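What follows is a short report on a single structure.
The values are calculated or read from the model by the stated rules, or taken from the named source; none is laboratory data. Note that this is a predicted model, so its numbers are computed, not measured. Cβ atoms come from the backbone with ideal geometry, glycine included; neighbour counts cover every protein chain shown.
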Protein chains: 2
Amino acid sequence: MSICILSIGSELLEGSVIDSNSAFIANNLKRWGGKVELIRMVSDNKDEIVSLFQKYSKKFDIILTTGGLGPTFDDITAECLAESAGLSLELNEKAYNHMASCLNRAGVTIRQEHKHQSMLPATCRLFNNNVGTAMGFSVSLNKADIICMPGVPLEMKDMFIKEVLPFIVGKLGLKEQSYIDLHFLSIAESDIDVFIRSLNISNEVQCIINAGKGQVVVKLRGENKELVEDYALKIEKAFPKNFIGRGDILPAEYLVNLLKEKGKTISFAESCTGGMLSEMVTDISGASSVFYGSVVSYDNSIKENVLHVSADILNTFGAVSEECAHAMAEGVKKLMNTDYAISITGIAGPTGGTKDKPVGLVYIGVTDGENTKVYKNIFNGSRQQVRLRSATKALQLIIDFISNK
Amino acid sequence: MSICILSIGSELLEGSVIDSNSAFIANNLKRWGGKVELIRMVSDNKDEIVSLFQKYSKKFDIILTTGGLGPTFDDITAECLAESAGLSLELNEKAYNHMASCLNRAGVTIRQEHKHQSMLPATCRLFNNNVGTAMGFSVSLNKADIICMPGVPLEMKDMFIKEVLPFIVGKLGLKEQSYIDLHFLSIAESDIDVFIRSLNISNEVQCIINAGKGQVVVKLRGENKELVEDYALKIEKAFPKNFIGRGDILPAEYLVNLLKEKGKTISFAESCTGGMLSEMVTDISGASSVFYGSVVSYDNSIKENVLHVSADILNTFGAVSEECAHAMAEGVKKLMNTDYAISITGIAGPTGGTKDKPVGLVYIGVTDGENTKVYKNIFNGSRQQVRLRSATKALQLIIDFISNK
């Protein structure tokens, strides 16, 4: 069984759009043991598309295309497919009615171009589009089923998961892989690696370790559900203090869950991160029960007047100092009356660095009112990277701080 | 002159990584009139890569590859290139020394795998890497130059712009296209469209209008610099109140520039956006001279105790109300002692909506102390989309508010 993806659209070859569809499709097929062998961008060129359909349909069992299903003149996927397979192009009544009812609901008048969108190869199979106007369709040619989906990611994703994937799974007889991602914080990749090696993991299970953004992720995959689950449990249990969850859990989500579990609240004082840490935490639905708020104290006057950092500290040690981070954390905790607080103050760059206080120097404070700890960090990278690393590190530090109590 | 891009890495065909490199390369080549004819993902498979190098080198003038230059066993681009061209693989002293000095600086001990990374085709041309350890390299084969770059986007981008693009421009004799993007706020796409049609733009100049995120962008491209500039000026001048700048200017950048120009300061009170607006503005280097700070008042206690929204307003109208947005804007302006202030309060979802106050309902307030205006919005989309649309709309509203004074 072999699968290929063609992303259709001249804009992809001009670099004005990044193709995220192919990765989504490939990733979801992989969860069913389906392997994509070719991904290729194709411009809106009829001769090229027709010749690729004819050539690849002799080589692949499944050809998936995205793009070129819309109402404008450069949407030619259906036309190319009909020509490749020697089929006529006909107004497909079901596709037309679907489109018409979508447009009616939105109060759009149907124009001639819209009809063009419903001209599909005769005898094609249809795939529903719950999100947009253009239905998907497929035709058999040589050994392949050529399945055409819209290019709009939201529409494609919904159609692929609900309609196309089940069709492919049935045709190729794919089996769902057990697929577990384990997330760990504040531990070295090598420590987990040593433990995993000691398990002598069976060839039936694939195990990958990825590190980045302060997290280590162990990925386990295989057809044998029990075996994958068995290894997952062993690895989780070996590092109980570092394990934060399965799936796509983010440190911010873990922090929110941890605080909920303990019935505690938190607030932040952010300087160089300018609200990024707050943004990360409030991105988690339900954060409102534990996150009270924050002060973005960009100007020193705000540190002094709102967070009550003393003028003495600001004059003697400066805004980017251990002392200031200490006072900011305690200041915001008091102001917002929370159980915990975090402070971040540093130099994100690209300007503003000195020899003593270089770009990337960031102090992060954590407090529970009784104890306040400040950590000095020097982060590499661009302004945006320094900010991101600061916010992520702060999450990691507060999780450690709360967990070790 | 024909160009092709091969993105090398099994992770691309497994969908665990989205290829953003190809779009970056294609987009930059387009600015020099260079057209990419093929973009293809290739797995770490020696036979496949070698056969593609041999086949495509007869068809294309330039083959660009990204990925597979690192120190691990699955980094095989150099080996494949040597084999395709019938060259031996040798330790490249210059590439090795570059790598060694990078690793020394980072305090990393050089291991055997690292040497593997500097085994390059004999007689290859080198391209400097200012950001990472792996230098780029190229070899001539048949009619093509095959140019291999790292897959890490930061490294690839730097190398492409500084080293590879000038080489391609020289080889293919490309000419820089005049390339102007005009950004407009608070205007309908159709109003600009009508004006542009009236200009009867010459065939020498390509003109595209894109709308989204509250902005309209008019893109003008062509070889004839004077002509492109001439149209740009006409279009800018037709909408002086809406034009915010050329290039990749963001509304947040425009706001910072506008405030700097007027010598004024600003602060924010954010509820549902949770710091996103502050994060956008502080992402602009130099924002500190006009942005004092903000209060993320997620919990009602913060609205009451820090921003001094009266308990009466919170109890009678609720936190998501015109009255609350009004009081939040005035409260933060007073607290932070700035010339202007913005407030945002709403329901980002996915839960928390009611019939009267549905998910997506967001009140945005702007004030200069004398006048306070509150705008009611209902945004569609996911939690993250509602938040993003709220923050972007707030920028647009305050820009209008300040500009119309």
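Brief remarks on what is shown
- Filter result (part of a loop (DSSP other than H, G, I, E, B) and of a type in the set (A, V, I, L, M)) within the range B:111-164: B:A122, B:V131, B:A134, B:M135, B:V152
- Annotation for the range A:374-386: at least one member residue is within 14 Å of chain B (Cβ to nearest Cβ) and in contact with an Asp or Glu (Cβ under 9 Å, 6 or more places away or on another chain).
- Among residues that are of a type in the set (K, R), within 17 Å of B:I147 (Cα to Cα) and touching a Lys or Arg at 6+ places or on another chain (Cβ under 9 Å), B:R31 is not included.
- Qualifying residue in the range A:211-219 (condition: in a helix (DSSP H, G or I) and in contact with a strand residue (DSSP E or B) (Cβ under 8 Å, 6 or more places away or on another chain)): no
- Strands (runs of 3 or more DSSP E) wholly inside the range B:243-318 that include at least 1 residues being within 7 Å of chain A (Cβ to nearest Cβ), crowded, with 18+ Cβ neighbours inside 10 Å and in contact with a strand residue (DSSP E or B) (Cβ under 7 Å, 6 or more places away or on another chain): B:291-297
- Checking each residue in the range A:1-29 for being farther than 13 Å from B:V17 by Cα, in contact (Cβ under 8 Å) with a residue 24 or more places away in the chain and of a type in the set (A, V, I, L, M, F, W, C) picks out A:M1, A:I3, A:C4, A:I5, A:L6, A:I8, A:L12, A:L13, A:L29.
- Only a single criterion out of (1) surrounded by 16 or more Cβ atoms within 10 Å (Cβ to Cβ); (2) at pLDDT 95 or above is not satisfied by A:G151, namely (2).
- Residue match in the range B:110-124 (condition: surrounded by 14 or more Cβ atoms within 10 Å (Cβ to Cβ), modelled with pLDDT of 95 or more and in contact with a Ser or Thr (Cβ under 7 Å, 6 or more places away or on another chain)): yes
- Pairs linking a residue in the range A:275-287 that is within 13 Å of A:V256 (Cβ to Cβ) and assigned by TED's automatic domain parsing to the domain that holds A:V332 to a residue that is of a type outside the set (A, V, I, L, M) and surrounded by fewer than 19 Cβ atoms within 10 Å (Cβ to Cβ), with Cβ atoms under 7 Å and 6 or more positions apart or on different chains, are A:D283/B:Q384; A:S285/B:P350; A:S285/B:T351.
- In the range B:2-28, the residues that are of a type in the set (A, V, I, L, M, F, W, C) and modelled with pLDDT of 95 or more: B:I3, B:C4, B:I5, B:L6, B:I8, B:A23, B:F24, B:I25, B:A26
- Considering the conditions (1) more than 13 Å from chain A (Cβ to nearest Cβ); (2) more than 37 Å from the chain's Cα centre (by Cα), B:C324 is excluded by exactly one of them, (2).
- Any hit, the range B:379-388, residues being touching a Phe, Trp or Tyr at 6+ places or on another chain (Cβ under 8 Å) and of a type in the set (F, W, Y): no
Yes/no per residue for (1) modelled with pLDDT under 95; (2) more than 20 Å from A:S343 (Cα to Cα):
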{"site": "B:G245", "(1), (2)": "yes, yes"}
{"site": "B:I249", "(1), (2)": "yes, yes"}
{"site": "B:L259", "(1), (2)": "no, yes"}
{"site": "B:V281", "(1), (2)": "no, no"}
{"site": "B:V309", "(1), (2)": "no, yes"}
{"site": "B:E323", "(1), (2)": "no, yes"}
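- Filtered residues of the range A:223-242 (kept if in contact with a helix residue (DSSP H, G or I) (Cβ under 7 Å, 6 or more places away or on another chain) and modelled with pLDDT under 90): A:K241
To keep it simple, each residue is scored yes or no on (1) touching a residue at least 24 places away in the same chain (Cβ under 8 Å); (2) touching a Ser or Thr at 6+ places or on another chain (Cβ under 7 Å); (3) of a type outside the set (G, A, S); (4) more than 16 Å from B:E270 (Cβ to Cβ).
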position: A:K219; (1), (2), (3), (4): yes, no, yes, yes
position: A:I235; (1), (2), (3), (4): yes, no, yes, yes
position: A:P240; (1), (2), (3), (4): no, no, yes, yes
position: A:V256; (1), (2), (3), (4): yes, no, yes, yes
position: A:I266; (1), (2), (3), (4): yes, yes, yes, yes
position: A:V296; (1), (2), (3), (4): yes, yes, yes, no
position: A:V306; (1), (2), (3), (4): yes, yes, yes, no
position: A:E322; (1), (2), (3), (4): yes, no, yes, yes
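- Helices (runs of 4 or more DSSP H) contained in the range B:1-96 and holding at least 3 residues within 11 Å of another protein chain (Cβ to nearest Cβ): B:10-13, B:21-30
- Set side by side, the residues B:G331, B:G293, B:G318 differ, and just one is under 21 Å from B:V374 (Cα atoms) and under 25 Å from the mean Cα position of the chain (by Cα), which is B:G293.
- Enumeration of residues in the range B:43-101 that are small (G, A, S) and either surrounded by 14 or more Cβ atoms within 10 Å (Cβ to Cβ) or closer than 19 Å to B:E14 by Cα (or both): B:S43, B:S57, B:G67, B:G68, B:G70, B:A78, B:A82, B:S84, B:A85, B:A95, B:A100
- Screening the range A:328-396 for strands (runs of 3 or more DSSP E) wholly inside it with 2 or more residues that are crowded, with 20+ Cβ neighbours inside 10 Å and touching a helix residue (DSSP H, G or I) at 6+ places or on another chain (Cβ under 9 Å) returns the ranges A:340-346, A:361-367.
- Qualifying residue in the range B:62-85 (condition: acidic (D, E) and at pLDDT 95 or above): yes
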